[in-house]
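A short worksheet on the structure shown next.
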Amino acid sequence: MKNKFSILILDDVEENIYSLQLLIEEFDVDIYTALNATDAIQILMDNDIDLILSDIQMPDIDGFQFVEYIKGIDKLKDIPIIFITGIYDKDAYQQKGYDLGVIEYISKPIDVNLLSSKLKVYIDLFHKNKETKESLQEANKLVVHNTKMASIGEMIGVISHQLKQPLNILSLYCDDIKYSYDYGELDKEAIDDFSENTKLQIHHMRDTIDGFLEFFKADKDKKSFSIRKTLDGSFELVDSVIKKNNVQLEIDFQNDFTLKGVEMELTQVLMNIVTNSIQAFQDRNVDDRKITLEVYSKDDKNYLTISDNAGGIDEQDLEKVFDPYYTTKSEGTGIGLYMVKLVVKNSFEGNLTLENSNVGVKFIMEFDKIQE
């Protein structure tokens, strides 16, 4: 973010430019100058200009034509313009300028106090806007930080659950090998079986931890991966949670497609959405619990949808559920679905929307097709 207010002076007479520079040198600003409209436009396109001081009577393109031109360019149209003129200061000319979007007229000879007061207004506005932007940036940093912390908490809960299962199995294998020794049944086959199965559980735990670390790594290596393979792995990860909560999972693969990004991040998205559905089932005491996934392509887009039969969301809340810190849960943080939308948008260049069906909610993820 730049620190200094910047002014462009446009006049076809160098002496006039020099005089204006002397008048405004008391302000700590960056000054750009141009002797014609063509050079002025190039300066405007290459730099962030906050105010334009322009003459009207110029060869080739006059001040009116210059203003009309830049008002048609999105990058330039909102820059305030002050006409400084000794000829076109009549009411008719001033009205023409105002109609084009000029904000002020200052007649020559220039009233130094008037010019200084006008400049001070715009410079003060610049610094106030800068302070506001900095405050917003700090607020956004806080939101992102809190999002990461909440996401870590959610992931730790799932990781903890996933590590307990192989640890319990390892404990059983250790007991088994001890009993085999106690009863004289410890032979090469028993040792080989112990070695193979313990290594399998250790490998599973290592993959789980590696995936967790990859999710929070700042410099992520984006790779192409199969959506079907990722879904299979994701629901292996939460299979015990789904079964524990008596949820019926249906997956409709109409076709497979490829995504590019960090595979573990999509897993986190799926886990978060499924967890939301399970919480809704519990809160509303739903008996016949069903989560349905659909994977399909249409036109030039790929789609992944996740829907449940938990009763849906109030229509007034539908547009708010992705807002940071908005939640319909009594103990919710309101940043889970905000994070989910960020991941879909930033990591996979996709779009996430939500709608009510006749039985529950439906999350719709839309991705561009990858040209292979």
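The values are calculated or read from the model by the stated rules, or taken from the named source; none is laboratory data. Keep in mind that this is a model prediction, so the values were computed, not measured. Positions of Cβ are backbone-derived with ideal geometry, glycine not excepted, and every protein chain shown enters the neighbour counts. The accessibility values were calculated without ligands, DNA or RNA, using every heavy atom of the protein model including side chains. Shrake-Rupley method; radii C 1.70, N 1.55, O 1.52, S 1.80 Å.
Do the conditions hold for Glu214, that is, is it at pLDDT below 85 and touching a strand residue (DSSP E or B) at 6+ places or on another chain (Cβ under 6 Å)?
Numbers: at pLDDT below 85: yes; touching a strand residue (DSSP E or B) at 6+ places or on another chain (Cβ under 6 Å): no.
Spelling it out, it is not the case that Glu214 is at pLDDT below 85 and touching a strand residue (DSSP E or B) at 6+ places or on another chain (Cβ under 6 Å).
Please determine, by comparing only the residues of the stretch 284-307 that are under 26 Å from the mean Cα position of the chain (by Cα), free of Cβ contacts under 8 Å to residues at least 60 places away in the same chain and open to solvent by less than 40 Å² (accessible area, probe 1.4 Å), which one is farthest from Lys345 (Cα to Cα). It would help to see each step written out before you state the result.
Just the residues of the stretch 284-307 that are under 26 Å from the mean Cα position of the chain (by Cα), to begin with: 293-307.
Checking which are free of Cβ contacts under 8 Å to residues at least 60 places away in the same chain leaves us with 294, 296, 298-299, 306-307.
Restricting the remaining residues to those that are open to solvent by less than 40 Å² (accessible area, probe 1.4 Å) gives 306-307.
Details: Ile306: 17, Ser307: 20 Å.
The selected residue is Ser307.
Here is the figure for the stretch 344-370: residues that are over 18 Å from Phe257 (Cβ atoms), open to solvent by less than 50 Å² (accessible area, probe 1.4 Å) and β-branched (Val, Ile, Thr) total 1.
When Asp12 is tested against the conditions (1) at pLDDT below 90; (2) closer than 16 Å to Pro80 by Cα, the lone failure is (2).
Close contacts from the stretch 345-359, counting a first residue that is without any contact (Cβ under 8 Å) to a residue 24 or more places away in the chain and a second that is assigned to a helix (DSSP H, G or I) and exposed (fewer than 14 other Cβ atoms within 10 Å of the Cβ), with Cβ to Cβ under 8 Å and a gap of 6+ residues or different chains, come to Asn351/Lys345.
Say we look at the stretch 86-108 and pick out the residues that are modelled with pLDDT of 80 or more and open to solvent by 60 Å² or more (accessible area, probe 1.4 Å); which of these is farthest from Ser19 (Cα to Cα)? Looking at the filtered set, the residue picked out is Asp99.
Would you confirm whether or not the stretch 6-26 contains a residue that is of a type in the set (Val, Ile, Thr) and loosely packed, with under 15 Cβ neighbours inside 10 Å? If you could, list the steps in order and put the result at the bottom.
Filtering the stretch 6-26 for residues of a type in the set (Val, Ile, Thr) gives 7, 9, 13, 17, 24.
Those still in the list that are loosely packed, with under 15 Cβ neighbours inside 10 Å too: 13.
Looking through the stretch 6-26, at least one residue is of a type in the set (Val, Ile, Thr) and loosely packed, with under 15 Cβ neighbours inside 10 Å.
Tell me, yes or no, whether the stretch 261-283 has at least one residue that is in a strand (DSSP E or B), within 25 Å of the chain's Cα centre (by Cα) and within 30 Å of Phe225 (Cβ to Cβ). Looking for residues that are in a strand (DSSP E or B), within 25 Å of the chain's Cα centre (by Cα) and within 30 Å of Phe225 (Cβ to Cβ), one finds at least one in the stretch 261-283, hence yes.
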